[in-house]
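The values are calculated or read from the model by the stated rules, or taken from the named source; none is laboratory data. Fair warning: this is a prediction, and the values are worked out from it, not measured in the lab. All Cβ positions, glycine included, derive from the backbone under ideal geometry; neighbour counts span all protein chains shown.
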Amino acid sequence: MKVCLAAALAAAFTATAMSQDSPAELLRELQAQRELLEEQRKELKQMAETQESMAGAMDSAWLVLCGALVMFMHAGFAMLETGCCRAKNASNVLMKNLVNVSVGTLGWWIFGWAFAYGSQAGSFIGTDGFFGLGFYSKDASGNIVPVACEDGNCQSTMLSWFFQWAFCTAGATIVSGCVAERVKSPTYAVFAFCMTSFIYPVIVAWTWGGGWLASIFGVGYMDFAGSGVVHFTGGVCGLAGTVILGPRKGRFENPEEFEYHNIPLIVLGTFALWFGWYGFNPGSTLSMHDKEMGALAAQVAMNTTLSAATCGISVFLLKFVLTRKYDVGALCNGILSGLVSITAGCGNMECGSAVLTGFIGAFFYQAASSLLVRLKIDDPVDASAVHGACGVWGLLATALFDWGKGFDHYHGWSGFGCMTGDDGACSKGIGGSAIAAQLVMIVAIIAWAGTLSTLSFLALRFSGLLRIDDHTEKIGYDMHSHSPPKAYAFSGQDPKLEAPAPKRLAFGAVVFGYDNFVKRSRDPRNLAWYHVKAIMDPWRAAGGQSAETPVTPTTPYAPPKPRSTSEPETALKRTTLAPPPRPSPSATKLANEHVEWAERCSVQPARPGEPCSLTIFMAEVGLDDALLARWCSWMDRRLTAERPNFAGGSQFKASTIDFSENAISVKGMKALCDLLEKHRVRCEVLRLSGNHIGNEGLRRLAKYLASSSQAPVQELLLTKNRFSMEGVIWLLGCLALHPAYPVWNASTERFVPLWLRLENSRATLEAHRALAETCERLCFAVCLGERTDEESCGPRKCVNAACSDQLKHNCVAHLSATAWKGEATLPPPAIHARSFFSTQGLPELKASNASAAGRREEPQLLYEDEDMAVVLKPSGWSCTPQPEGVDPSWVWLAPAARRVRAGKLLAQESAAPLQGWLLLQFGHDPACDVCRDQTLDRGLVHRLDVETSGPMLVGKTYKGYEHARNQILLGVLKDYVALVHGGFAPERVRGECHLAIDTSTYLETGKVCVDAGGQAASTVWEVLAEYQSPETRERFSLLHCRMVTLRTHQLRAHMKHLGHPLVGDGLYAPGSIPDFCPRLFLHKIRIGFFNLRGEACFLRCPLQAAPDLWRALGRLKKVGGMALMGCGAPGR
């Protein structure tokens, strides 16, 4: 400005001298020039201020944008973690990520920022700025103005707070992935607050806050964007957490159950993280006000991209070399590993070094991931390998690949230049000091973050606040603690159940919620009692899944009827069959491995669409459990090589499988049954005589028999073994619930029980009496006929009409009388029916005076343990979900007040809510938590109509509720006694009804109808007794009914359609209610289930438990049916 003024004055004097102007004019001219120069000076100053303001605005916009990108990375973390975990914990994982950001924000605002960037005390920790204090000041006029950053890099401290907040919460989210699926959510929130308010901020104070690491060894650390400060810190804390928590239950025993549940979410989360990383790394330039900063941000972005791509493809190829499989999850983790590896050195490397950093980072990740598995450290998302191991490598690579002045000088924080000394020249020989500084930083982070996080997690663990209980872990955090209890609203198995019905159910039934399942079957009997695996097999989890074909909802259902002998036989269509294929080369090679085994085991390849023929004769070859396991492994490979290329039915059919006279015990039986079940082998004769098979082996054999909807075996020879009657009862109970036993014999058109030989086992006469009691309790029968002549029972026929014809669904096996050391008699033909009318062996039922008092019957407890109960529901009680008039405050009532409240329920005119009675009965007990939960119907797992009586299974605790709900969905015994109008012809005393039911009109009319377009429904019935009214001479039939499916009003609709409506059914048969029956004549008489101790519980609830129905039958006259055989039905 002074130079310009002098030049102007010189020009003015020259002009004056030339023009010979007067002194006054000269002064005026000078004054004008001075004013002009002053205005130019002000304009230049304003332009400088505007340029500075624009640069500050550009920096602010840059940091806000990059901070928002870093914050968006939380969406990627949430999607990635959710996809890596199991579906039953998806809601909890998402919630945990949201809580992490929210709690972390408060921790950073209250303490974190102050500890990280406050005024340093001893270069260790900040001391001011708590609760956002100091972010504002006042000018001379008293106006509030923002405080600029101390280093002058931003216009407002609040801007720096926002940008660093995004980094802080991102570091805490890393821990969330490490401890997923087993940490308590409130506990994790506490740790997230501790990490964001103290653990992480102190490390920031040492580094980015200008603490002691910033100048160590005269060089200081180098971590441009946070490989160490953010990622390595999060990885160390996460590793400490997952080690102290321990692995998820079954993680390393059944690893296939813990595979990623949603690959698309993982990929989407990876892309979101990669996208957000362009705010994480380029944003760490902290400014964008000149071309040098722009060039640095561009270099950072390029290095970030190259390292991520290189590491991702390197891990992907490495995984393929190791497994020969394409692993999308490994590719995603490889990309993230490359991003973490380059984060520290993205500002001081050239592009070639970035590629090399990503390539080496792939090996760091793969080595760390494999080491975690070897040490059985369960990290669901591999966060400690990605962020921990690659964070260490990123810090080391920063010093190793620094490119300052063509690698001759150290680059560090100096942009594109080099670190200079006091003389301004580039410093040399400090590369070793730089590496040492990085090593010290690594050790410091391990010592600080590792120690504090370990102490925090240990304190929480010893206080019992760290890990969820086994039950919650089993059923999933979503079902236990979230509403709604599932993250996905797809049609399928109800995620409330950890039973999550297996992918392939035993008898071809797929469960879709409580009242819906879709079936696929060629034989109507295959629809019945598909719940054997849930009821009779507590060991199902150890044996693998059934090999049944998956069922789709679109599968048509058209059950065939047995051909009548009077119908003309349809002429067979002549077709040309293709010749059977030759054995495959691989099968021939396997046969040559064990010639002696191959000679005894033949496999005939099948034509397309047909099962292979199989013959196994391994009798008297000295097989013990170990040798049999080797044989099963060899046979498994051979059958796999010959497996037919079709999905339906059995894959192999054998006429005889003979393993008699060996030394097979329980381990051998498990290996053999696993083989037969895996390859869906059916055989006519299975010989296992003369072995060491005990009760456990017999139970495993029962599981094999229950693994298919078809009959796997027609003759089972088990003579001279070591099992007792306990194992026999297990086997017979399984057969009693199996849909294919007894087997339909097409040639004789009769049902034939399984031929079962048990001679010379530990079955004694006392055991025979136990068998009779079991038949009485479980309501099935066996045939004890001897093969003395051609007219007696045999493997392919049963001459006992009472067992094989009239009671076709109850007689399940022939037992030779020689199995019993003593005289054996045939069980009475109506043994199954007697239990419907006998109270022997039942809990004492309370005497009812309800009629005298003008009140309804009160529910009674038939069974109770710590977790479950069985309640007898009388008529007049409603099972409607969330009924009105049930007050949760009833749990606080005194015992006397509870009795008064129960009395009001009994006396009210409308249907009383059963939930209210359960709340009064169990709600006051602190252990009965589910009874206080209205959303779970206070423990009810199934329903009965208001007028229907019978036993109901109830959960008292969440654990018991889940267990009971699981069994109800897979199917429990659903046996009813019903009285219907009309009599049945002799050929119709038993039958099956497979008519679809349309429930779409139920909400409008309260009724359902039989419609071919409705849901498949199946009911099996048999006539127990026939009655006649003495007054009107009208005929009635007492039926024993089994509901295979659970449709609304299924039995009532089926009987109405068959022309035999239920007595007292005013809904489906209005105007035909007789005087002798006060209500709907339908009573549930039996329920069977397993309690949590694995004990089988079968509870009968005979007709006497419904005294109004019992008295109604007593007014009728018995005129026929099995009642005349002594089944004990009432009547005159």
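The table for this structure:
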| read-out | value |
| --- | --- |
| Residue list for segment 870-926, filter: among the hydrophobic types (A, V, I, L, M, F, W, C), part of a strand (DSSP E or B) and free of Cβ contacts under 8 Å to residues at least 60 places away in the same chain | ALA912 |
| Leading residue by the ranking (nearest to GLY1114 (Cα to Cα)) among those in segment 1010-1045 that are surrounded by fewer than 18 Cβ atoms within 10 Å (Cβ to Cβ) and hydrophobic (A, V, I, L, M, F, W, C) | VAL1010 |
| In segment 1038-1055, the residues that are assigned to a loop (DSSP other than H, G, I, E, B) and not hydrophobic (A, V, I, L, M, F, W, C) | THR1045, ARG1047, THR1048, HIS1049 |
| Restricting segment 223-239 to residues that are among the hydrophobic types (A, V, I, L, M, F, W, C) and in contact with a Phe, Trp or Tyr (Cβ under 7 Å, 6 or more places away or on another chain), the residue that is nearest to SER414 (Cα to Cα) | ALA225 |
| Inter-residue pairs, beta-carbon under 8 Å, first under 11 Å from ALA389 (Cα atoms) and in segment 350-367, second crowded, with 19+ Cβ neighbours inside 10 Å and of a type in the set (Phe, Trp, Tyr), 6+ apart | GLY361/TRP393; PHE364/TRP393 |
| So ASP945, is it more than 28 Å from the chain's Cα centre (by Cα), under 17 Å from MET868 (Cα atoms) and in a loop (DSSP other than H, G, I, E, B) | no |
| Candidates THR169, THR157, THR187, THR207, filtered to the one that is hydroxyl-bearing (Ser, Thr, Tyr), within 24 Å of SER91 (Cα to Cα) and either modelled with pLDDT of 95 or more or over 26 Å from the mean Cα position of the chain (by Cα) (or both) | THR169 |
| Exclusive hit being at negative phi, in the same structural domain as VAL183 (by TED's automatic domain parsing) and either more than 35 Å from the chain's Cα centre (by Cα) or surrounded by 21 or more Cβ atoms within 10 Å (Cβ to Cβ) (or both), set TYR365, TYR410 | TYR410 |
| Criterion (within 39 Å of the chain's Cα centre (by Cα) and either within 24 Å of GLU992 (Cβ to Cβ) or at pLDDT 85 or above (or both)) met by exactly one of MET1122, MET1043 | MET1043 |
| Candidate set: segment 711-751, residues that are modelled with pLDDT of 70 or more and part of a strand (DSSP E or B); chosen: the one surrounded by the most Cβ atoms within 10 Å (Cβ to Cβ) | VAL713 |
| Some residue of segment 323-336 being at pLDDT 95 or above and either closer than 18 Å to PHE401 by Cβ or of a type in the set (Phe, Trp, Tyr) (or both) | no |
| Top-ranked residue of segment 473-503 - restricted to ones that are of a type in the set (Ser, Thr, Tyr) and surrounded by fewer than 19 Cβ atoms within 10 Å (Cβ to Cβ), ranked as modelled with the lowest pLDDT | SER491 |
| Options SER433, SER427: the member that is surrounded by 13 or more Cβ atoms within 10 Å (Cβ to Cβ), under 17 Å from ILE216 (Cβ atoms) and in contact with a His (Cβ under 7 Å, 6 or more places away or on another chain) | SER427 |
| Only one of PHE217, PHE275 that is out of contact with any helix residue (DSSP H, G or I) (no Cβ under 6 Å at 6 or more places or on another chain), aromatic (Phe, Trp, Tyr) and surrounded by fewer than 18 Cβ atoms within 10 Å (Cβ to Cβ) | PHE275 |
| Residue that is farthest from ILE435 (Cα to Cα), among those in segment 336-354 that are surrounded by 24 or more Cβ atoms within 10 Å (Cβ to Cβ) and among the hydrophobic types (A, V, I, L, M, F, W, C) | LEU336 |
| Selection from segment 279-296 of residues that are free of Cβ contacts under 8 Å to residues at least 40 places away in the same chain and in contact with a helix residue (DSSP H, G or I) (Cβ under 8 Å, 6 or more places away or on another chain) | MET293 |
| Search result, residues across segment 246-267 that are over 14 Å from ASN89 (Cβ atoms) and assigned to a helix (DSSP H, G or I) | PRO255, GLU256, ILE263, PRO264, ILE266, VAL267 |
| Entirely in segment 1-111, the helices (runs of 4 or more DSSP H) that have 2 or more residues that are modelled with pLDDT of 80 or more and surrounded by 12 or more Cβ atoms within 10 Å (Cβ to Cβ) | 23-84, 90-107 |
| Per-region count, segment 122-137, residues of a type in the set (Val, Ile, Thr) and not in a strand (DSSP E or B) | 1 |
| Some residue of segment 300-314 being more than 19 Å from SER227 (Cα to Cα) and surrounded by 15 or more Cβ atoms within 10 Å (Cβ to Cβ) | yes |
| Residue match in segment 1092-1099 (condition: within 30 Å of ARG699 (Cβ to Cβ), at pLDDT 80 or above and surrounded by fewer than 23 Cβ atoms within 10 Å (Cβ to Cβ)) | yes |
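Every residue, every condition in (1) more than 23 Å from ASP1108 (Cβ to Cβ); (2) surrounded by fewer than 19 Cβ atoms within 10 Å (Cβ to Cβ), yes or no:
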position	(1), (2)
GLU857	no, no
LEU862	no, no
ASP865	yes, yes
ALA869	yes, no
SER889	yes, yes
TRP892	yes, yes
CYS931	yes, no
ARG943	no, no
LYS959	yes, no
